Structures are given as structure tokens and as C-alpha cells.
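This report refers to the structure that appears directly beneath it.
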Amino acid sequence: MTGRWSWLVCLVLALAVWLLLWRYVIPAHLVLSYRWSDATFWRDALTYPLVNGLILGLLYGLVWLFSRWQSLLVLLFVVALGLVAILLALPISSVLFAKRYPDRKGKATKGYWIVAALANAAYLPLGVLYAVVLGSLLR
């Protein structure tokens, strides 16, 4: 596989990990009954990836726009803005998810953060495994 398509494989793999964790962690934590065919599952599970994608898309557009000005100060501002936005993506998404379950808001937020922590913990070994498969680490 060429490096041209590796970003797509990584996004699909990351989304698959997120969906698997969501499918099995949230129902156990909130005593919900999700099914793969359930629209509620897809709505709830895709909140964070969609919010994150929108924020990162906006930031990518800003970086592209400001990179035309070739100003280091502007670029540093955009990077700082990006870090703040990424740090806000998880709380924004968890609040949106918790609003759907007002009677269990604390449990919903906690479950959401558990899924996020487990997903992030899974991404590093999967990334290393993917790099080994591509031969990037063995050269």
C-alpha cells in the first residue's frame, strides 16, 4: 500500500476502534441496549468524530489560508488556536451526548470520557502495528 492511501486506512481504522468501543462500553455503563442497526447508536457514536472532523477541517482551512501570508506570528496563532479547539472538541461532544440523557448526565459524561480514553490508548499500538505492516519501522 502506498503512502497516498494510508491516511484513509488510518481514519477508517480509528473510526472502527471508536465505534467498537462505543458499541460495547456505553451500553454497559449507561444500561442502554444499542444494536448496530439502531439509528440512536450511530447518532450517539458519531458525535465526537463529526465535531472533531469539523474543527480539524476548519483549522486546516485556516492554516491553508494563513500560510499564504507567510507570517510566523500568524502561523503560531493558528497552531495555538488549533490546540485550544482540539482540547474543546471532547468537552463539547460530551456535553452534546450528556444532553441526550439528562436523567443520567453524570454517567453519560463519564462513559463518554472512558470511551475516549480507551480509544486513544488503542490508537498508539495500532499505529505502530500499521507502521510495521507498511515496513516503515523496519528500514
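Could you go through region 62-72 and let me know if any residue there is among the basic types (Lys, Arg), at pLDDT 75 or above and under 29 Å from Ser6 (Cα atoms).
Checked against the condition, which is being among the basic types (Lys, Arg), at pLDDT 75 or above and under 29 Å from Ser6 (Cα atoms), region 62-72 yields no hits at all.
Can you pull out the residues in region 5-28 that are farther than 14 Å from Leu118 by Cα, in contact (Cβ under 8 Å) with a residue 24 or more places away in the chain and surrounded by 14 or more Cβ atoms within 10 Å (Cβ to Cβ)? Steps first, please.
So in region 5-28, the residues farther than 14 Å from Leu118 by Cα come out as 5-13, 27-28.
With the extra rule that they be in contact (Cβ under 8 Å) with a residue 24 or more places away in the chain, the set shrinks to 6, 9-10, 13.
Correct list: Ser6, Cys10, Leu13.
Among the residues of region 92-128, what is the count of those that are in contact (Cβ under 8 Å) with a residue 60 or more places away in the chain and in a helix (DSSP H, G or I)? Give the derivation first.
Initial filter on region 92-128 (in contact (Cβ under 8 Å) with a residue 60 or more places away in the chain): 101, 104, 107-108, 110-112, 114-116, 118-119, 122-123, 126-127.
Next cut, in a helix (DSSP H, G or I) only: 104, 107-108, 110-112, 114-116, 118-119, 122-123, 126-127.
Number of matching residues: 15.
Taking helices (runs of 4 or more DSSP H) that do not extend beyond region 2-67, which have at least 2 residues that are out of contact with any Pro (no Cβ under 6 Å at 6 or more places or on another chain) and under 18 Å from Leu129 (Cβ atoms)? Step through it out loud before you land on a result.
Numbers: elements: 3-30, 39-45, 47-67.
It comes to 3-30.
The values are calculated or read from the model by the stated rules, or taken from the named source; none is laboratory data. Keep in mind the model is a prediction, meaning the values are calculated, not measured. Reconstructed Cβ throughout: ideal geometry from the backbone, glycine too, with neighbour counts over all protein chains shown.
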